[in-house]
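So the structure is just underneath, and the comments pick up after that.
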Amino acid sequence: LTMAKSENPLDVYRRQQRKKELKKNKNARIKARDEKVAATRAIDEVKAEISLLERKRDKFGKNTEKGDVDEERSGGLDSNETKKLERLKKELKIVTAASAKRKELHEQAQREKELQLIAAQKTVEGVQKLNESKYSVLERYASVYYDDQMNPFGAPPPGKPKMYWSDAEKKSTTMNARMAVVPSQLQHKFDAEMKKQG
């Protein structure tokens, strides 16, 4: 009679720890691969690959009805192609979810930007900063709509395009800001503003 050999509890514990570590590493690799897919792949690209494999599968399925049977291929795809199709379907879900998340983050950023813009428009200082960022010094003073008291930024009225003087005597206008010229009567104010800004 041979005696049953009992396992060393320490060896059992080490094997269990090794299995846990392997499982953890596998999950980490899968997560890293999924993150890479979400960041680099496009929905159309993945759909095109899926469509290609499904057409191949369906085409072969029609041939088997006519009697053309290939033993190594079941359903028109070999085992590697079947695994690839399954992986692509998973990638499509990942890419779609990532795309939806990016879209949601973009929309949220837009909403926050709009809220900041609305908040800035509630104070005189906010409106002034907004207009300063919107109109350059040249655009302000060269604007046809400039008025020292009523419209110091030369903003066009609602529904009107930006218009600028194209000569110093205010005889002709242009819509091109690069061709704008500050009228001679506002030149001293323009020069002072430019000195202030450095």
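Overview of results
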| read-out | value |
| --- | --- |
| Given Lys59/Lys89; Lys103/Lys160; Lys129/Lys189; Lys129/Lys162; Lys26/Lys90, the pairs whose alpha carbons are separated by over 26 Å | Lys103/Lys160 |
| R0 of 30 Å, Cβ-Cβ distance Lys20-Asn80: FRET efficiency to nearest 0.05 | 0.50 |
| Positive-end residue of Ala48, Ala192, Asn176, charge dipole of the chain with Cβ unit charges | Ala48 |
| Tilt relative to the chain, helix 43-65 - C-alpha long axis, 0 to 90 degrees, to 10 | 40 degrees |
| Residues Glu35 and Ala119, FRET efficiency given R0 of 45 Å [Cβ-Cβ distance, rounded to 0.05] | 0.80 |
| Å² of accessible area per residue within the chain, as computed with a 1.4 Å probe and no ligands counted | 79 Å² |
| Contour minus Cα-Cα distance for Glu54 and Gln187 (0.36 nm per residue) | 40.7 nm |
| For region 141-198, alpha-carbon Rg over 2.2 N^0.38 Å | 1.10 |
| Over 31 Å (Cα to Cα) - which of Lys23/Lys93; Lys20/Lys56; Lys20/Lys47 fall in this group | Lys20/Lys56; Lys20/Lys47 |
| Percent accessible area from carbon and sulfur atoms, the chain, protein chains only, probe 1.4 Å | 54 percent |
| Debye intensity ratio in log₁₀ form over the Cα atoms of region 96-179, taken at each q of 0.13, 0.14, 0.15, 0.25 Å⁻¹ | -0.58, -0.63, -0.68, -1.16 |
| Chain lengthening between Lys196 and Lys101 when straightened (0.36 nm per residue, less Cα-Cα) | 29.7 nm |
| Backbone HN-Hα couplings from phi across region 181-195 [Karplus 6.51/-1.76/1.60, Hz, Gly and Pro as x] | 10, 6, x, 4, 5, 9, 4, 5, 5, 4, 5, 5, 5, 5, 5 |
| Options (1) 1.10; (2) 1.05; (3) 2.12 - which one matches Cα Rg over 2.2 N^0.38 Å as calculated here | (3) |
| Length added when fully stretched, Glu132-Arg111, from 0.36 nm per residue minus Cα-Cα | 5.3 nm |
| Nitroxide proxy distance, nm - points 7 Å out along Cα→Cβ at Val12 and Met175 | 8.5 nm |
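The values are calculated or read from the model by the stated rules, or taken from the named source; none is laboratory data. These figures come from a predicted structure and were not determined experimentally. As a convention, Cβ positions derive from the backbone with ideal geometry for all residues, glycine included, and neighbour counts pool all protein chains shown. Just so you know, the surface numbers come from the protein's heavy atoms only, side chains and all, with ligands and any DNA or RNA stripped out. Shrake-Rupley method; radii C 1.70, N 1.55, O 1.52, S 1.80 Å.
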